[in-house]
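Structure first, then comments.
The values are calculated or read from the model by the stated rules, or taken from the named source; none is laboratory data. Please read all numbers here as calculations on a predicted model, not as lab measurements. A quick note on method: Cβ atoms are made from the backbone with ideal geometry, for glycine too, and the neighbour counts reach across all protein chains shown. For accessibility, only protein heavy atoms count, side chains too; no ligands or nucleic acids. Shrake-Rupley method; radii C 1.70, N 1.55, O 1.52, S 1.80 Å.
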Amino acid sequence: MTPSIRRLLETALYCDDIARTAAFYQQLLGRAPMLESERLVAFDAGEATVLLIFRRGHAQALSTVGGLVPGHDGNGPVHLAFAIDRTDLPPWESRLESLG
């Protein structure tokens, strides 16, 4: 029997402009980063999940107060999906449009 997965713990995205990408997600999520560095910005994405944004090409490990973040790097097509209530779709579409 395969053990079940309780939830998705974290999602990692990779970008070239970490300041611009982090600013977008800070506005979108309406919350300050939990962790910020030149190569990684982490946001509480709700319900014990974390959104990690890494600067592409900077895969070395990062020591933090909470422990060691292993090296991350990637490229190619990726996506991120937030779970929302169906009734919240129009407000989210407006919010995303307003943020460009």
Check your understanding: Is there a residue in the range 35-56 that is open to solvent by less than 70 Å² (accessible area, probe 1.4 Å), part of a loop (DSSP other than H, G, I, E, B) and farther than 30 Å from I84 by Cα?
Key -> no
Per the filter on the range 1-24, residues at pLDDT 95 or above, open to solvent by 30 Å² or more (accessible area, probe 1.4 Å) and touching a strand residue (DSSP E or B) at 6+ places or on another chain (Cβ under 6 Å) are T21
The lone condition G74 fails out of (1) modelled with pLDDT of 80 or more; (2) of a type in the set (G, A, S); (3) exposed (fewer than 10 other Cβ atoms within 10 Å of the Cβ) is (3)
Only unsatisfied item for V78, checking (1) touching a strand residue (DSSP E or B) at 6+ places or on another chain (Cβ under 7 Å); (2) on the phi > 0 side of the Ramachandran plot, is (2)
### E47 vs. criteria touching a residue at least 40 places away in the same chain (Cβ under 8 Å) and on the phi > 0 side of the Ramachandran plot
yes
